[in-house]
Amino acid sequence: MSTLTTRQQDYSQWYNDLILKGGLADYSSVRGCMVIKPYGFALWENMRDQLDRMFKETGHQNAYFPLFVPKSLFEAEEKNAEGFAKECAVVTHYRLKADPSKKGKLIVDPAAKLEEELVVRPTSEAIIWNTYKGWIQSYRDLPILINQWANVVRWEMRTRLFLRTAEFLWQEGHTAHATKEEALAETVKMLDVYAHFVEEFMALPVVKGVKTANERFAGAEDTYCIEALMQDGKALQAGTSHFLGQNFAKAFDVKFAAKDNSMEYVWATSWGVSTRLIGALVMAHSDDQGLVLPPRIAPLQVVIVPIYNKDAIAREKIDKKAAELVQALKEKGIRVQFDNDDSTRPGWKFAEHELRGVPIRIALGARDLENNQVEIARRDTKEKSQHSLDGLLDHVSFLLTDIQQNLFNRASQFRAEMTNEANNWDEFVKLLDEKGGFISAHWDGSPETEEKIKELTKATIRCIPIDNKPEAGKCILTGMPSSQRVLFARAY
RNA sequence: CGGGAAGUAGCGCAGGCCGGUAGCGCAUCUGGUUUGGGACCAGGGGGUCGCAGGUUCGAAUCCUGUCUUCCCGACCA
C-alpha cells in the first residue's frame with residue numbers, strides 16, 4: 001500500500017499526503033483551486049455548524065450578498081481596494097461565441113464587453129456597506145449584526161491545499177454600530193468566539209492578539225487575531241476580527257440620526273475564519289500514520305471493525321452485537337460506522353481508519369464475544385485495551401472527552417515548549433533557526449524595524465498579545481526603548 | 001511571476017538519450033481459500049502516453065507552444 005511521507009522526511013509533502021490520502025481534498029484542473037471531498041467537507045460542516053450556532057447565540061443572523069462587486073464600489077474605500085487590488089479576479093465580458101476560425105471552439109465575444117468591470121469578491125465590505133447605506137437612517141436601525149457563509153477569490157501566486165487557494169470558503173461577519181465602544185466590544189467578542197471555538201472544538205490553543213500596522217487588514221483601524229502554532233514550529237493565523245472604525249461608513253456615506261438628531265457616521269466591524277482552519281487542524285495534531293481529528297468535530301467518532309472467521313454462526317453474532325452497539329452509540333449522539341466491508345481485511349481497515357483520523361476504533365471478534373469484551377484503540381495515543389461490553393457506552397463517551405482533552409493538552413505543552421524569550425539579536429536568530437516557534441521579544445514599535453527583521457530572518461510579528469504585561473526593554477534589532485514584548489515567528 | 005522537477009491504466013512508476021506491437025507493481029473484475037495490523041492462488045479487463053501544433057513513411061520518444069501540479073523564492077493581512 002501507499003505509504004505516507006513522514007514529517008521528518010519532508011513536512012510539506014507529509015501535509016499534502018495527509019490531505020490527499022486522508023480523503024479531505026483533491027487537486028482540480030483549475031489553477032490554484034482544489035476540490036473539497038466529502039470527508040473534508042463533512043469536517044468543514046461540523047466546524048461551520050458549530051460556529052454558526054455560536055454566531056446566532058451572540059445575536060447574529062445569516063444573509064447573502066453578491067459574488068460580484070462593481071469596480072466603482074470596490075474602489076470606494078481606498079486602502080481596502082489597494083490592499084486587495086493585486087489579487088483580484090475581474091469579469092470583463094458576459095458572453096462567449098463560436099470561434100469562426102476553429103470549429104467547436106469558443107472565444108470571448110468582443111461585443112459583450114461589460115461597461116463596468118465586476119470584481120470577484122476577495123472580501124465583501126464594499127458591496128455590504130453599499131447595501132447598508134440603504135438600510136440605516138436612524139440609531140433605531142442599529143446595530144446590524146450579519147454574517148454570511150460564502151466563497152471568496154484571492155488570486156494567489158503560490159497555493160497550498162487548504163492554507164492558501166485561489167478560491168476558498170469562509171464566513172464573514174459584518175456589523176454596524178452606533179458607537180465606537182459598541183463596535184470595539186463586538187470586535188473583541190467575536191475574537192473570543194473564535195478563540196473559544198478553536199480551543200474547545202479543534203483542541204488547538206491560540207494566542208489572542210492585535211496585529212501591527214504592517215499586518216493590519218486593509219481598511220481597518222485595528223486587526224485582532226488568533227494565532228496558532230504548527231508542529232514544524234511555524235505560526236498560522238487562524239482567524240481575524242477587525243475594528244473598522246468609520247472608514248467604510250465614510251467611504252460609502254453611511255450616516256444615522258442619533259437621539260439628539262445629529263448625523264453621525266456608523267461604526268463597523270468585520271470578522272472571518274475560513275477553510276484554512278482545516279489546514280491548521282491537520283498540521284497541529286496529525287502524525288506519521290495519518291490524520292488525528294479531535295472528537296468534537298471528527299466526521300466519524302467511532303468505527304467498529306468486525307473480525308470474522310470461517311464460522312458463519314460467529315459471524316452472525318458479531319453482526320448482531322455490532323448492530324446493537326451502533327444503535328446504542330447513535331442514540332447517545334455519537335457518530336459511528338460499522339465497517340463490515342467484506343473486501344478488505346481487519347489490518348487494512350485499521351490502517352485506513354488511522355489514516356483518516358477516526359478517534360476511536362472498536363474491534364469485535366468471536367474471541368471478544370466469548371469474553372463479553374471488545375478491543376478499543378484510541379487514535380491519539382494508539383493505545384489498545386480490552387473493555388467489557390458492560391459499561392462500554394460510558395467508556396466510549398469518556399474516551400471521546402479524554403481524547404479531545406489530551407489533544408489540547410499535547411498541543412498546549414508543545415506550544416509552551418516552543419514559546420521562548422529572546423533578549424538580544426543573537427538569541428533571537430539562534431532560537432529562530434534552531435528551534436522555531438513563538439519568540440517573545442522587544443521591538444521598538446516602528447514599521448521599519450519590523451520590516452527589516454522580516455527581511456533578515458523571514459520572521460514577522462504575529463501579534464501583540466492581548467494579555468501582554470508592560471515591561472521595559474530594548475528592541476532586539478535597534479536597541480531603542482520598548483515598553484512590551486511582542487510575539488515573533490515564521491508563519492504560513 | 002523567477003528557478004528547479006514532474007505529467008504514460010484509478011494510484012505509484014519504467015520506457016524516452018538511440019522514433020518501429022505501450023510495460024511493471026498495487027488497485028479493479030471473476031472463481032476459490034481466508035480474516036486479531038495493509039491476505040493468498042488462478043484467470044481476466046482497463047491507456048487518444050496532459051493538451052495543441054510541427055518534423056517523419058512512422059512520434060510516448062525529436063522540436064515548438066500551451067495547461068496543470070509539486071518544491072524553492074518573490075508576492076500574499
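The values are calculated or read from the model by the stated rules, or taken from the named source; none is laboratory data. Not measured: the values here are computed from a predicted model. No Cβ is skipped: glycine too gets one built from the backbone with ideal geometry, and neighbour counts run over all protein chains shown.
What the table below lists for this structure:
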| read-out | value |
| --- | --- |
| Candidate set: the stretch A:314-354, residues that are within 11 Å of RNA strand B (Cβ to nearest atom) and small (Gly, Ala, Ser); chosen: the one farthest from the chain's Cα centre (by Cα) | A:314 |
| Selected residue (criterion: nearest to RNA strand B (Cβ to nearest atom)) from residues of the stretch A:372-400 that are surrounded by 12 or more Cβ atoms within 10 Å (Cβ to Cβ) and in a helix (DSSP H, G or I) | A:392 |
| Positions within the stretch A:47-63 being touching a residue at least 60 places away in the same chain (Cβ under 8 Å) and either assigned to a strand (DSSP E or B) or of a type in the set (Lys, Arg) (or both), in sequence order | A:48, A:61, A:62 |
| Selection count where residues are touching a residue at least 40 places away in the same chain (Cβ under 8 Å), within 18 Å of residue A:216 (Cβ to Cβ) and not in a helix (DSSP H, G or I), scope the stretch A:425-459 | 1 |
| Checklist (1) within 8 Å of RNA strand B (Cβ to nearest atom); (2) β-branched (Val, Ile, Thr); (3) within 23 Å of residue A:271 (Cα to Cα) applied to residue A:3, failing item | (3) |
| Any hit, the stretch A:100-107, residues being outside the structural domain of residue A:273 (by TED's automatic domain parsing), in a strand (DSSP E or B), within 16 Å of RNA strand B (Cβ to nearest atom) and under 24 Å from residue A:75 (Cα atoms) | no |
| Within the stretch A:355-365, tally of residues that are farther than 16 Å from residue A:300 by Cβ and either more than 6 Å from RNA strand B (Cβ to nearest atom) or modelled with pLDDT under 95 (or both) | 1 |
| In the stretch A:255-274, the residues that are aliphatic (A, V, I, L, M) and surrounded by fewer than 22 Cβ atoms within 10 Å (Cβ to Cβ) | A:257, A:258, A:263 |
| Residue among A:63, A:112 that is more than 30 Å from residue A:334 (Cα to Cα), out of contact with any Leu (no Cβ under 9 Å at 6 or more places or on another chain) and small (Gly, Ala, Ser) | A:63 |
| Any hit, the stretch A:417-434, residues being of a type in the set (Val, Ile, Thr), touching a Phe, Trp or Tyr at 6+ places or on another chain (Cβ under 6 Å) and modelled with pLDDT of 95 or more | yes |
| Every residue from the stretch A:89-119 that is farther than 26 Å from residue A:33 by Cα and among the hydrophobic types (A, V, I, L, M, F, W, C) | A:98, A:111, A:112 |
| Some residue of the stretch A:302-312 being more than 13 Å from RNA strand B (Cβ to nearest atom) and surrounded by fewer than 22 Cβ atoms within 10 Å (Cβ to Cβ) | no |
| The one condition in (1) within 14 Å of RNA strand B (Cβ to nearest atom); (2) touching a Gly at 6+ places or on another chain (Cβ under 9 Å) that residue A:55 fails to fulfil | (1) |
| Hey, residue A:35 assigned to a strand (DSSP E or B), within 16 Å of RNA strand B (Cβ to nearest atom) and aliphatic (A, V, I, L, M) or not | yes |
| Of residues in the stretch A:401-424 being in a helix (DSSP H, G or I) and of a type in the set (Asp, Glu), the one surrounded by the fewest Cβ atoms within 10 Å (Cβ to Cβ) | A:417 |
| Count of the stretch A:288-319 residues which are over 18 Å from residue A:349 (Cα atoms), touching a residue at least 12 places away in the same chain (Cβ under 8 Å) and of a type outside the set (Lys, Arg) | 5 |
| Enumerated strands (runs of 3 or more DSSP E) restricted to the stretch A:111-224, each holding at least 1 residues that are more than 16 Å from RNA strand B (Cβ to nearest atom), in contact with a Lys or Arg (Cβ under 9 Å, 6 or more places away or on another chain) and farther than 23 Å from residue A:63 by Cβ | A:113-120 |
| Given (1) in contact with a strand residue (DSSP E or B) (Cβ under 6 Å, 6 or more places away or on another chain); (2) modelled with pLDDT under 95, index of the condition residue A:69 fails | (2) |
